[in-house]
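Each remark here refers to the structure printed beneath this line.
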Amino acid sequence: MPGRPLVLILSFSPIGSDARVLKQLELAREVADVVTCGYGDAPAGVVEHVRIPDDRKILPLRPKLLVLRLRTLALHRAPAIAWVRSALAGRRFDAVIVNELEAAPVGLSIPSAGGHLLDLHEYTPRLHDDSAGWRRYLQPLFESTARRWLPRASAVTTVGARIAQEYARLSGVTPDLVVNAAPFADRRPTEVGEPIRLVHSGACLRRRGLLELVEAVESTSTPVTLDLYLMPNNPGLLGELRELAAASDRVTVHDPVPYARLVETLNGYDIGVHVLPPVTVNNEWALPNKFFDYVQARLGVIVGPSPEMARYAVEHGLGLVTAGFSAADLASTLDSLTLEQVRSLKEAAHRAAAPLSSEHAMGAWRDALRTMLERARS
């Protein structure tokens, strides 16, 4: 293996804006030249980017094949999968990082001298388990995909303990944990006063409890403000939220800020709020980027009784957990919030920022990459 080794990172996402995949890229670039394969423009620092055409998607799969229970064939023939298989035909790498379960059959088939790391961002078999069609046709497909392909990977990682347990139950392979932590930010908590400044950043989706968040802020007796930094995922919902904000002296809706500026922006607030209704198991088991963004911004957090987020909030003393997921539950927590309590939560976030940073979290990736490249050299 003369010169620097060559690592492929495959992700059916716009890699340039995919925070988790960008962390893999930065880690791999320390020891290798990196080729990426995904949607969108080339991310910075790669030697090559194999851009998947925007009109080549994985879903929806061919209904006829699903009805005939030819599920594996349906995934094999998905336009995006077929395109990547053709585009990378004949290529060989020293290590391959494959993102998400649906990419496993094509990604783990790409020749690699050192092996393959499979990173699972969520529990794909029940990704949309609120849909009867998904439960009937796609859950069995992805369950069989996990059983077949996880044992073939050199290393498997995922985002949370509960998801790791489910994949282990299904496949016999227990993924290592790489939580969605943010890079360490050298910041301090800002001063706390009235009103208490609440903030939420992320996708604008109906299943995120955003309307309930606004309702709780409007109804609490505690002097608070709420700033929302939202992606335009659902223009209709975003319009509703802007109308509510226009009629409120407590709520403001902002355009999203680039991820590189997010922690700096959040640092001006007091509490990051994410009360995520458990409408799917991935919502129920979520431990999302924003939780760790709030920590690096030195904010306290308020979360719903989602087991993963609640555990981190309580163990590190940096957050409060609502009794349920309704607007009334959040309003009740806000009603009892004091300035001294907010200061204490922010100081706890400051103490937890280093151990909850991505530099600490990425150990399993670092170990897997080192092992694969050593194997490629031998």
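The values are calculated or read from the model by the stated rules, or taken from the named source; none is laboratory data. Computed from a predicted model, the values in this text were never measured in an experiment. Note: ideal-geometry Cβ built from the backbone for every residue, glycine included; neighbour counts use all protein chains shown. Surface accessibility is based on the protein's heavy atoms, side chains included, excluding ligands, DNA and RNA. Shrake-Rupley method; radii C 1.70, N 1.55, O 1.52, S 1.80 Å.
Could you tell me whether A327 is farther than 25 Å from R188 by Cα and open to solvent by 20 Å² or more (accessible area, probe 1.4 Å)? No, not satisfied.
For the structure I just gave you, tell me whether R162 is assigned to a helix (DSSP H, G or I), within 23 Å of R20 (Cβ to Cβ) and touching a residue at least 24 places away in the same chain (Cβ under 8 Å). Yes: the conditions hold for R162. Screening the stretch 178-223 for residues that are in a loop (DSSP other than H, G, I, E, B) and hydroxyl-bearing (S, T, Y) and picking the one that is surrounded by the fewest Cβ atoms within 10 Å (Cβ to Cβ) gives S221.
Do we find that V98 is open to solvent by less than 20 Å² (accessible area, probe 1.4 Å) and in contact with a Gly (Cβ under 6 Å, 6 or more places away or on another chain) in this structure? For V98, the condition - open to solvent by less than 20 Å² (accessible area, probe 1.4 Å) and in contact with a Gly (Cβ under 6 Å, 6 or more places away or on another chain) - is met. Put simply, of A89, A113, A132, A82 the only residue that is surrounded by fewer than 21 Cβ atoms within 10 Å (Cβ to Cβ), more than 24 Å from the chain's Cα centre (by Cα) and within 18 Å of T371 (Cβ to Cβ) is A113.
Checking each residue in the stretch 40-98 for being in a loop (DSSP other than H, G, I, E, B) and β-branched (V, I, T) picks out V46, V47, I52, I58.
Picking from residues in the stretch 173-187 that are in contact with a helix residue (DSSP H, G or I) (Cβ under 9 Å, 6 or more places away or on another chain) and without any contact (Cβ under 8 Å) to a residue 24 or more places away in the chain, the one that is nearest to A354 (Cα to Cα) is T174. The set of residues in the stretch 194-211 being in contact with a Phe, Trp or Tyr (Cβ under 8 Å, 6 or more places away or on another chain) and not β-branched (V, I, T) consists of R197, L198, H200, S201, G202, G209.
The residues of the stretch 1-25 that are closer than 30 Å to S378 by Cβ and either among the hydroxyl-bearing types (S, T, Y) or surrounded by fewer than 16 Cβ atoms within 10 Å (Cβ to Cβ) (or both), listed by number, are M1, P2, G3, R4, S11. Of the residues that make up the stretch 298-313, is at least one surrounded by fewer than 24 Cβ atoms within 10 Å (Cβ to Cβ), free of Cβ contacts under 8 Å to residues at least 60 places away in the same chain and either among the polar types (S, T, N, Q) or over 23 Å from T220 (Cα atoms) (or both)? Yes, because at least one residue in the stretch 298-313 is surrounded by fewer than 24 Cβ atoms within 10 Å (Cβ to Cβ), free of Cβ contacts under 8 Å to residues at least 60 places away in the same chain and either among the polar types (S, T, N, Q) or over 23 Å from T220 (Cα atoms) (or both).
Residues that are surrounded by 18 or more Cβ atoms within 10 Å (Cβ to Cβ) and either part of a loop (DSSP other than H, G, I, E, B) or among the hydroxyl-bearing types (S, T, Y) (or both) occur at least once in the stretch 228-244. Screening L287 on (1) open to solvent by 20 Å² or more (accessible area, probe 1.4 Å); (2) in contact with an Asp or Glu (Cβ under 6 Å, 6 or more places away or on another chain); (3) touching a residue at least 40 places away in the same chain (Cβ under 8 Å) shows it passes everything except condition (1).
Of everything in the stretch 356-375 that is in a helix (DSSP H, G or I) and touching a Lys or Arg at 6+ places or on another chain (Cβ under 9 Å), the residue that is nearest to N99 (Cα to Cα) is W365.
For the stretch 84-100, indicate whether the set of residues that are basic (K, R) and within 15 Å of W134 (Cα to Cα) is non-empty. Checked the stretch 84-100: no residue is basic (K, R) and within 15 Å of W134 (Cα to Cα).
Check whether at least one residue in the stretch 141-151 is over 20 Å from P277 (Cα atoms), open to solvent by less than 70 Å² (accessible area, probe 1.4 Å), of a type in the set (A, V, I, L, M, F, W, C) and over 21 Å from the mean Cα position of the chain (by Cα), and report yes or no. Checked against the condition, which is being over 20 Å from P277 (Cα atoms), open to solvent by less than 70 Å² (accessible area, probe 1.4 Å), of a type in the set (A, V, I, L, M, F, W, C) and over 21 Å from the mean Cα position of the chain (by Cα), the stretch 141-151 yields at least one hit.
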